[in-house]
Amino acid sequence: MRRLVRSWALAGALLGWSATAAADDRPDAVPYRPTVSTPAALSAPHWLEGEFGGLIQRSRAGDDDGVRRESLPYALKYAFSEDWGVRIAGEALVQANADGSHEIGFGDTALIGKGRLEVDGASALGLEAGVLAPTARHGLETGSGKPDWLVNGIYSVDAAGWHGDVNLTGTRLGNRGAGRSRLQELGAVAVSRPIGERWTAEAEWSGTRQHGVGGTAQVLGAVSLALRRDLVLDVGALHGCNAATPTWQAFAGVTVVIGRVD
């Protein structure tokens, strides 16, 4: 699986490198990776943008389930204008091990529409709405196993050299499970700051809440490197803050402007 992760990231980097090598007029990439939250900004209008990466998760030491999960997340983004766009996201491949069992296959798939409203030159609001379709086999899904509908409110702001994103997401689960509420809430707060001309440091707190099941909480740290204006690499890790959250998650990936689509 680690070879697949490296190959996926390398393929994305090479795709971006070859695409940018022949053109200097491509727009800046707008990474949503690697944070859980997303910014209010959309990718450049009429340009297809892709995100590809690898994610490795390990459960807390001493857990009975001993879950280990590895996946290749992806996202394809397209904006019709500076204020309206869509994206499709999911996991191209998932490998999970729990209780001695081994599962491998495709993950769930999200289709999301997005709108943006500029507040002023330094801040903007965003609204996302969509569905997480249960395209994964049992044991590999990230959702409930049935269509999950979500709405995400976004506030993004730039101040004193920092960028911040706040996300509040409500998801109506298609399959809530016995004794659990149908509504799952997610909150995330991310901050980032440029380090020189090419590097960016990022930090985030995120967590979920659902009645009848333990809430999750995690912190993220990452760095990004802009190899070119339309090609950004990232690497980082997440640490779980309670027993309901995987102890460690490590990731690496790339955001690349693929090409113009009129």
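Computed from the coordinates by the stated procedures, all read-outs in this text should not be read as laboratory data. Note that the structure is a prediction, hence the values are computed from the model and not measured. Every residue, glycine as well, gets a Cβ built from its backbone with ideal geometry; the counts of neighbours run over all protein chains shown.
Among 202-209, 255-262, how do they line up by average Cβ neighbours within 10 Å per residue, starting with the highest? Show your work: numbers first, answer last.
On the way: 202-209: 18.8, 255-262: 17.1.
Top to bottom by mean Cβ count within 10 Å: 202-209, 255-262.
For each of 51, 103, count neighbouring Cβ atoms within 10 Å of the residue's Cβ, then give the residues from fewest to most. The partial results should precede the final answer.
Numbers: 51 25, 103 15.
Ascending number of Cβ neighbours within 10 Å: 103, 51.
Taking the Cα centre of region 141-236 as origin and charging only Cβ (+1 Lys, Arg; -1 Asp, Glu), how large is the dipole, in debye to the nearest 20? Don't jump to the answer; show the numbers that get you there.
Working: 10 positive and 10 negative charges, 82 e Å.
I would put it at about 400 debye.
When the dipole is taken about the Cα centre of the chain, and only Lys, Arg (+1) and Asp, Glu (-1) are charged at their Cβ, what size is it in debye, to the nearest 20? Present the calculation step by step, with values, prior to reporting the outcome.
On the way: 25 positive and 29 negative charges, 127 e Å.
With only Lys, Arg, Asp and Glu charged at Cβ, the dipole is about 620 debye.
Using only the C-alpha atoms of region 198-262, find the volume of their convex hull and express it per residue in Å³.
Working: hull volume 7.2 nm³, N = 65.
Each residue corresponds to 111 Å³ of Cα convex hull volume.
Taking every pair of distinct Cα atoms and averaging 1/r, then inverting, what Kirkwood hydrodynamic radius in Å comes out for region 123-171? Mind dumping the intermediate values first?
Working: mean 1/r = 0.0784 Å⁻¹.
Hydrodynamic radius (Kirkwood, Cα only) of region 123-171 equals 12.7 Å.
Starting at the first residue of region 202-209, write each ³J(HN,Hα) from the Karplus equation 6.51 cos²θ - 1.76 cosθ + 1.60 with θ = phi - 60°, in whole Hz, x for Gly and Pro.
9, 9, 7, 10, 8, x, 10, 9
State the volume of the convex hull built on the alpha-carbon positions of the chain, expressed per residue in Å³ and rounded to an integer. Please report the intermediate quantities before stating the final value.
Values: hull volume 33.2 nm³, N = 262.
Residue-normalised Cα hull volume stands at 127 Å³.
So for the chain, taking the charge dipole from beta-carbon charges (+1 Lys/Arg, -1 Asp/Glu), which of 142, 47, 257 sits furthest toward the positive end?
142
Can you order the peptides 215-225, 33-43 by their average number of other Cβ atoms within 10 Å per residue, highest first?
Values: 215-225: 17.8, 33-43: 23.8.
So the order, starting with the most tightly packed, is 33-43, 215-225.
Mind checking the angle between helix 2-21 and the chain's longest principal axis? C-alpha axes, 0 to 90 degrees, to the nearest 10.
Tilt of helix 2-21: around 20 degrees.
Would you list 138, 46 from fewest to most Cβ contacts within 10 Å? List each step's numbers first, then the result.
Values: 138 9, 46 13.
With the fewest neighbours first, 138, 46 line up as 138, 46.
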